[in-house]
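I have placed the structure first, in the form of structure tokens, so that the comments after it can refer back to it.
Read-outs throughout are calculated quantities, based only on the coordinates presented, and are distinct from any laboratory measurement. Being a predicted model, the structure only gives us computed values, none of them experimental. Cβ placement follows ideal geometry from the backbone for every residue including glycine, while neighbour counts extend to all protein chains displayed.
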Ligand code: PNS
């Protein structure tokens, strides 16, 4: 079985992530979306909330599974019997850091990384930008799935930001 991992923070998932997840699901038998549990960096959404949103938006893709992971990505990949990581590349600015991680991961455990160019429609999109725009009341509906837009507006309303 050809199994790939799409890792990230997904705080929250955007249409850019979803595009990469959907396209990967057509290339592999199974795709595992792996949400990093990073105890030193508290996100806007809890890991459970991120997993919930991802599970909701990835429903149309039958061969996509959503999991959380802690520690090294290569250890997670090995435990899941996945030898490939898929990462979206938005622009050249992403490349330096992504290349370093890809080279480290292949050196650590022989886990390969495939870079997938993002759809140009989403090339400027990031979870951080979406959160900032949502925080100040800007329209993020073109950039995130409906369930995410709703959660963002609820979260910022609750926080009174
Ligand atoms: O969405 P992000 O925050 O850009 O995702 C980064 C992620 C989760 C892919 C990266 O931080 C990662 O793989 N972290 C797990 C720890 C690890 O394996 N570190 C060594 C990378 S070479």
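Please provide three numbers in whole Å: the alpha-carbon extents of the chain along the principal axes, with the largest listed first.
The Cα atoms of the chain stretch 47, 33, 31 Å along the principal axes, largest first.
Normalising by the residue count of the chain, find the relative contact order in percent from Cα pairs under 8 Å and 6+ residues apart.
In percent, rounded to a whole number, it is 28.
Counting helices only, and only those DSSP H runs with n ≥ 4, report the 222 nm mean residue ellipticity of the chain as the sum of -39,500 (n - 2.57) divided by its residues, in deg cm²/dmol to the nearest 500.
On the way: 6 runs with 72 residues, N = 161.
When only DSSP H runs of four or more count, the value is -14000 deg cm²/dmol.
Please rank 5, 133, 92, 74, fewest neighbouring Cβ atoms within 10 Å first, as an exposure proxy. Kindly include the intermediate steps, with their values, before the conclusion.
On the way: 5 27, 133 14, 92 7, 74 19.
Placing the least packed residue first, the sequence is 92, 133, 74, 5.
Roughly what angle does helix 92-109 make with the longest principal axis of the chain, taking Cα atoms, 0 to 90 degrees, to the nearest 10?
That helix lies at roughly 40 degrees to the long axis.
Tell me, Kirkwood radius of the stretch 97-152 from alpha-carbon pair distances, in Å?
13.7 Å
Suppose we look only past 17 Å in the calculated P(r) of the stretch 62-121. What percent of the Cα-Cα pairs does that tail hold?
45 percent
Quick one: angle between helix 15-27 and the longest Cα principal axis of the chain, in degrees between 0 and 90, rounded to 10, please.
Long axis of 15-27 versus the principal axis of the chain: about 30 degrees.
Tell me the Rg and the Dmax, in Å, that the Cα atoms of the stretch 1-82 produce.
Spelled out, the Cα radius of gyration and Dmax of the stretch 1-82 are 12.1, 35 Å.
For a quick check: sort 36, 125 by the number of other beta carbons within 10 angstrom, fewest at the front.
On the way: 36 19, 125 22.
So the residues, fewest neighbours to most, are 36, 125.
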